[in-house]
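Student: Here you go, one structure.
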Amino acid sequence: MKNTKEINPRDSYTQSPWQSTLTAISSTRPEAEVNDEFDVIVVGAGITGITTALLLQKAGKNCLVLEAGKVGFGTTGGTSAHLNTFFDATYPEIESDFGAQAAKQVADSGKDAMAIIAELVREYGVDCDLEYKDGYLFSENEKETEQLREILAASLRAGIAVAEAETNELPVPFDMAIRFAQQGQFHPLKYVGALAEALVSLGGTIREDSFVSAHNVVDGLMEVICAERTFSAKHLVYATHIPPGITAFSFRCAPYRSYVLAAKLKNGNYPDALVYDMQEPYHYFRSHVIDGEQLLIIGGEDHKTGHDDPEGAFARLEEYARKYYNIESIVYKWSSQYYIPVDGLPYIGRLAASQENTYIATGFNGNGMIFGTLAGKIIADQIQGIDNQYADLYTPSRLKPVAGFSEFVKENTDVAWHFIADRFGAEELKKLSELKRGEGKIAEFKGEKLAIYKDLQGKVTALSPVCPHAGCIVNFNMAEQSWDCPCHGGRFDISGKVICGPPREDLTRITI
Ligand code: FES
């Protein structure tokens, strides 16, 4: 595994290839020079937050971005960075749940997001390895082929350039393949880092290591509390996936972990395309030159956060990769988090009337680079009072009681189960001595459930395993050395510090 000394931090223990390209943002101004009042405050400096702030700053708004970690700390630093005009919610699903017109709009919005990225790259001369390639989706059995034919037909109806193909560009046998023209890939931290620099050069402010603990509405202004300071603005954008606190979105989006490997091959047989199978969970393939070395990027084995064994997921992914590729070495392996929306489409834009100057962007599924960019445009337009043609389609206040209903029930049953079973389930008493170094467990100790962790030096720490968000019990993620909440995807480092919302507080430390 790569272990560069200086890397961009991420909300995970494993290292993605993007982190070794430092995006040192020369944005941190002396504290005294940062004003308290802004037009817009954006919480979160991933692709969504930075794109939103840049578009608004360009339009003359004075923006402040508050980031709990560093720029790209969250999923932007751990994405596999695919740029697509077809999505995890397929066009047949969108047609059936939202109608044919909506499917066309989703297709158009994806193309527009691709165009925004291309335009920002051109305008700011961004060197981010942006490349356009064909994208292939392939089936491996009759059932998948039937679905693939439906995807082909619905994609064409939505106005996407796609056709049946003779190849899938992989050594993986296939039944049928289709080729989407003009898909893309880039280096996400080079891209977002450059946009952040552009934002600062236009007079915007980015404040890193700035955890937002609360906001209040005072005299029509949003007051945002961030450690020892309070900032205010007319508009507040939560570009943090799920907005903090317990909101409807805690129940409308389910958090998932996704696993990725970057491997050096013995025979140089790298795919010159972006390729996806149709398995459940699916696998995807592409290649990228990182530090002068071409690597195969292969991902998949996704599962709901806090539910499966992350180390097992990495092992299955590696086994799958080795089945088809002659791998010389695995250079990087990493995981990151995304959110599946209950009806398939992201929630982007202004919240309902009662919170009308608050904006969110979440539920991007595995298509965060495209929907994060699109969210930047939709929210920037709304704040400027410009009509955006996609605002209604993606509105967070939509109610789709039928669409995605079975998934909704499944996700929420699961959340409810954790609320109850985690509290009262009979967890086996674990002796502290059973813990291996680098391992964490939920154990009962003197009648109390504890989250126990033994570090590499053998020192044991104990935390309350009760997630401060809504009271679910966290699980240990060995691969990422974190405590992950199975309910809404909150994550905490081994000291209990929150590294991924919606929780706003750390796990409580317990003295044992
Ligand atoms: Fe909601 Fe933990 S993230 S209960």
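Student: For the stretch 452-474, give me each residue that is open to solvent by 20 Å² or more (accessible area, probe 1.4 Å) and either among the β-branched types (Val, Ile, Thr) or outside the structural domain of residue 489 (by TED's automatic domain parsing) (or both).
Tutor: Correct list: 460, 461, 466.
Student: Being farther than 16 Å from residue 251 by Cα, modelled with pLDDT of 90 or more, within 14 Å of the ligand (Cβ to nearest atom) and not aromatic (Phe, Trp, Tyr) is the filter here, so list the residues in the stretch 486-503 that pass it.
Tutor: The initial filter retains those residues of the stretch 486-503 that are farther than 16 Å from residue 251 by Cα, namely 491-500.
With the extra rule that they be modelled with pLDDT of 90 or more, the set shrinks to 491-499.
After this cut, where a residue has to be within 14 Å of the ligand (Cβ to nearest atom) as well, the list is 491-492, 496, 498-499.
Those that are farther than 16 Å from residue 251 by Cα, modelled with pLDDT of 90 or more, within 14 Å of the ligand (Cβ to nearest atom) and not aromatic (Phe, Trp, Tyr): 491, 496, 498, 499.
Student: Still on this structure, please answer the following. Given the residues 248, 233, which is the only one that is of a type in the set (Gly, Ala, Ser) and in contact (Cβ under 8 Å) with a residue 40 or more places away in the chain?
Tutor: Testing whether each residue is of a type in the set (Gly, Ala, Ser) and in contact (Cβ under 8 Å) with a residue 40 or more places away in the chain leaves just 233.
Student: Do we find a residue being open to solvent by 10 Å² or more (accessible area, probe 1.4 Å) and among the aromatic types (Phe, Trp, Tyr) anywhere in the stretch 188-204?
Tutor: No; the residues of the stretch 188-204 include none that is open to solvent by 10 Å² or more (accessible area, probe 1.4 Å) and among the aromatic types (Phe, Trp, Tyr).
Student: Counting only residues that are assigned to a loop (DSSP other than H, G, I, E, B), within 18 Å of residue 439 (Cα to Cα) and within 14 Å of the ligand (Cβ to nearest atom), how many does the stretch 453-485 have? Lay out the reasoning, then the answer.
Tutor: So in the stretch 453-485, the residues assigned to a loop (DSSP other than H, G, I, E, B) come out as 455-459, 464-465, 467-472, 474, 478-481, 485.
With within 18 Å of residue 439 (Cα to Cα) added as a condition, the list becomes 455-459, 464-465, 474, 478-481, 485.
If we keep only those that are within 14 Å of the ligand (Cβ to nearest atom) as well, we get 464-465, 474, 485.
Number satisfying all stated conditions: 4.
Student: When residue 438 is evaluated against the numbered criteria (1) open to solvent by less than 10 Å² (accessible area, probe 1.4 Å); (2) within 16 Å of the ligand (Cβ to nearest atom), which criterion, by number, is the only one it fails?
Tutor: Checking residue 438 against (1) open to solvent by less than 10 Å² (accessible area, probe 1.4 Å); (2) within 16 Å of the ligand (Cβ to nearest atom), the one that fails is (2).
Student: Same structure, new question: Looking at the stretch 19-43 only, could you name the residues that are polar (S, T, N, Q), open to solvent by 80 Å² or more (accessible area, probe 1.4 Å) and at pLDDT 75 or above?
Tutor: First, the residues of the stretch 19-43 that are polar (S, T, N, Q): 19-21, 23, 26-28, 35.
Adding the requirement that they be open to solvent by 80 Å² or more (accessible area, probe 1.4 Å) leaves 26, 28, 35.
Answer for the stretch 19-43, where residues must be polar (S, T, N, Q), open to solvent by 80 Å² or more (accessible area, probe 1.4 Å) and at pLDDT 75 or above: just 35.
Student: Of the conditions (1) more than 21 Å from residue 303 (Cα to Cα); (2) modelled with pLDDT of 90 or more, residue 462 clears all except one; give me its number.
Tutor: (2)
Student: With the condition being assigned by TED's automatic domain parsing to the domain that holds residue 278 and at pLDDT 95 or above, I'd like the strands (runs of 3 or more DSSP E) fully within the stretch 301-420 carrying at least 2 qualifying residues.
Tutor: Output list reads 327-341.
Student: Among the residues of the stretch 208-256, which ones are modelled with pLDDT under 90, surrounded by fewer than 19 Cβ atoms within 10 Å (Cβ to Cβ) and among the aromatic types (Phe, Trp, Tyr)?
Tutor: 251 - this is the single residue of the stretch 208-256 that is modelled with pLDDT under 90, surrounded by fewer than 19 Cβ atoms within 10 Å (Cβ to Cβ) and among the aromatic types (Phe, Trp, Tyr).
Student: If you check residue 266 against the conditions, is it open to solvent by 10 Å² or more (accessible area, probe 1.4 Å), over 28 Å from residue 129 (Cβ atoms), in contact with a strand residue (DSSP E or B) (Cβ under 7 Å, 6 or more places away or on another chain) and among the charged types (D, E, K, R)?
Tutor: Criteria not met by residue 266.
Student: Please tell me if residue 264 is modelled with pLDDT of 95 or more, under 30 Å from residue 53 (Cα atoms), of a type outside the set (A, V, I, L, M, F, W, C) and assigned to a strand (DSSP E or B).
Tutor: no
The values are calculated or read from the model by the stated rules, or taken from the named source; none is laboratory data. Quantities reported herein were computed from a predicted structural model and do not represent experimental measurements. So basically every Cβ, Gly included, is an ideal-geometry build from the backbone, and we count neighbours across all protein chains shown. Each accessible area value is taken on the protein alone, full model and side chains, heavy atoms only, with ligands, DNA and RNA left out. Shrake-Rupley method; radii C 1.70, N 1.55, O 1.52, S 1.80 Å.
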